[in-house]
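A.B. asks: Below: one structure in structure tokens.
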Amino acid sequence: MTHQARLQTTRSKITAQPPSSRRHGAHTTVQPKAITFPTDAKLLHAAIKGLNRLARKHGVKLRQSYLRIAKIA
């Protein structure tokens with residue numbers, strides 16, 4: 001059987017099937033991951049926490065830490 005004949009046979013088999021049977025199934029081994037994206041509020045909260053920790057380490061007295069406010073935002 002020549003290459004052209006094989007192609008023709010394959011094409012006729014594919015077109016003879018209904019469209020629903022030509023669809024490919026989804027991979028069942030893929031699992032969704034619990035990954036969150038770094039939003040502006042999360043980045044701000046992390047920055048405030050880091051700066052507060054740095055201020056405490058160096059003995060800088062802050063009037064307000066903004067931690068409670070940042071959690072709400």
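A.B. asks: Label-point separation (nm) for residue 48 and residue 65, each offset 7 Å from Cα along Cα-to-Cβ?
C.D. replies: Simple spin-label model gives 1.1 nm for this pair.
A.B. asks: Let me ask another. Using a Förster distance of 30 angstrom, determine the FRET efficiency expected from the C-beta separation of residue 5 and residue 29, and round it to 0.05.
C.D. replies: 0.20
Quick note: the coordinates plus some simple rules give every number you see, no bench work behind them. Keep in mind the model is a prediction, meaning the values are calculated, not measured. Because the Cβ atoms are built from the backbone with ideal geometry, glycine has one as well, and the counts that use them run over all protein chains shown.
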